[in-house]
1. Report, by residue number, each residue of the range 264-289 that is open to solvent by 30 Å² or more (accessible area, probe 1.4 Å) and in a helix (DSSP H, G or I).
2. Which of the following residues is open to solvent by 30 Å² or more (accessible area, probe 1.4 Å) and closer than 30 Å to Pro182 by Cα: Glu60, Glu89?
3. Looking at (1) among the small types (Gly, Ala, Ser); (2) in a helix (DSSP H, G or I); (3) free of Cβ contacts under 8 Å to residues at least 12 places away in the same chain, can you tell me which one Gly228 breaks?
4. Taking interchain pairs and intrachain pairs at least six residues apart, which have beta carbon atoms under 8 angstrom, with the first residue in the range 235-260 and part of a helix (DSSP H, G or I) and the second of a type in the set (Ser, Thr, Tyr) and open to solvent by 20 Å² or more (accessible area, probe 1.4 Å)?
5. Identify the single condition in (1) modelled with pLDDT of 95 or more; (2) open to solvent by 10 Å² or more (accessible area, probe 1.4 Å); (3) assigned to a loop (DSSP other than H, G, I, E, B) that Leu154 does not satisfy, given that it satisfies every other one.
6. Among (1) on the phi < 0 side of the Ramachandran plot; (2) touching a Phe, Trp or Tyr at 6+ places or on another chain (Cβ under 9 Å); (3) open to solvent by 20 Å² or more (accessible area, probe 1.4 Å); (4) small (Gly, Ala, Ser), which single condition is Gly101 missing?
7. Please give the number of the condition Leu244 fails out of (1) of a type outside the set (Asp, Glu); (2) at pLDDT 95 or above; (3) surrounded by fewer than 17 Cβ atoms within 10 Å (Cβ to Cβ); (4) over 18 Å from Asp25 (Cβ atoms).
Amino acid sequence: MTPSPHFGPVLTAMVTPLNADHTVDWAKAAALASHLVANGSDGLVVAGTTGESPTLSPAEKLKLFQVVLEAVGDRASVIAGTGSYDTAETIHLSREAEQVGVHGLLLVTPYYSRPPQEALYQHYWAVAEAVKSPCILYNVPSRTAVNLAAPTTLRLAAHPNIVGIKECADLGQLGEILRGAPDDFTVWSGDDGMLLPFLSLGAYGIISVAAHLVGPKFQTLIRQFKAGDVTGAAQTHLALLPLLKALFATTNPIGVKAALRLTGWDVGPLRLPLLSASPAEEEALRGALVEVGLLER
């Protein structure tokens, strides 16, 4: 499908660095954003699930958007995670993020309340009507407890402000979306381990957690596949599997924060109700990082 002109194929869902006292480390956020953009990220999603959005205040989110924009906004897409289970609050935060100057909005499917499909449609349509920025839908049923079904996504794709979706459903649903969506509707995989299968059906790229560590590898995989080197892309994909397994052995972003620290980027602890990785989880991550060449034995 034709990519959105606003964003690239490898977008990193950035963690939120914290100080030891669990306040946001603004300087580290700027430094990490610059590091990611220099290492394979075409853009960053800020204050998404990986950024611990449920425990960030609206003021913290807005300052994060500003800090990351100042650090990389002249050379990478900065996409604000402004979605929530409350339509009115989503609209309010999205409008405030627009005032900061973000390039786009990531809107997660409303969680916990389990809206039916017509309600999901009306929620997303209301947000898209209320803003001017390009909007990316985010369907992640494992976290929200509700699936944004393909027919609903296709209805929403008709809105000029809805430019694509971060999709975490199965390949059957992905196929329905790709078969029926407009040519300018962009699909990113929301599951690191599904990038290659998604590409094989026509998806554009990935919104990734592992790109904190292997952004260039994802860029290579996408280039290989689009150049017709399917065998090479498969080899790149398979080489990454040990790391992906270790990163997601526990709740994200526990794994990626531990892996960043092990590779020289100490981004601090997590806010409750999440905890830092256990010694066993950290040891498994260390082994996986060695296996993919990011740490020496």
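The values are calculated or read from the model by the stated rules, or taken from the named source; none is laboratory data. This is a predicted model, so every value here is computed, not measured. Positions of Cβ are generated from backbone atoms using ideal geometry, with glycine treated the same way; all protein chains shown enter the neighbour counts. Keep in mind that these areas ignore ligands, DNA and RNA; they rest on the heavy atoms of the full protein, side chains included. Shrake-Rupley method; radii C 1.70, N 1.55, O 1.52, S 1.80 Å.
1. The answer is Pro279, Ala280, Glu281, Glu282, Glu283, Ala284, Arg286, Gly287.
2. Answer to the selection: Glu89.
3. Gly228 satisfies all of (1) among the small types (Gly, Ala, Ser); (2) in a helix (DSSP H, G or I); (3) free of Cβ contacts under 8 Å to residues at least 12 places away in the same chain except (2).
4. Thr236/Thr220; Ile254/Ser276; Lys257/Ser276; Ala258/Ser276
5. (3)
6. For Gly101, the failing item is (1).
7. (3)
Yes or no, residue by residue, for (1) open to solvent by 10 Å² or more (accessible area, probe 1.4 Å); (2) at positive phi; (3) not small (Gly, Ala, Ser); (4) not in a loop (DSSP other than H, G, I, E, B):
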position	(1), (2), (3), (4)
His22	yes, yes, yes, no
Ala30	yes, no, no, yes
Ser34	yes, no, no, yes
Thr49	yes, no, yes, no
Pro54	yes, no, yes, yes
Val67	yes, no, yes, yes
Tyr85	yes, no, yes, no
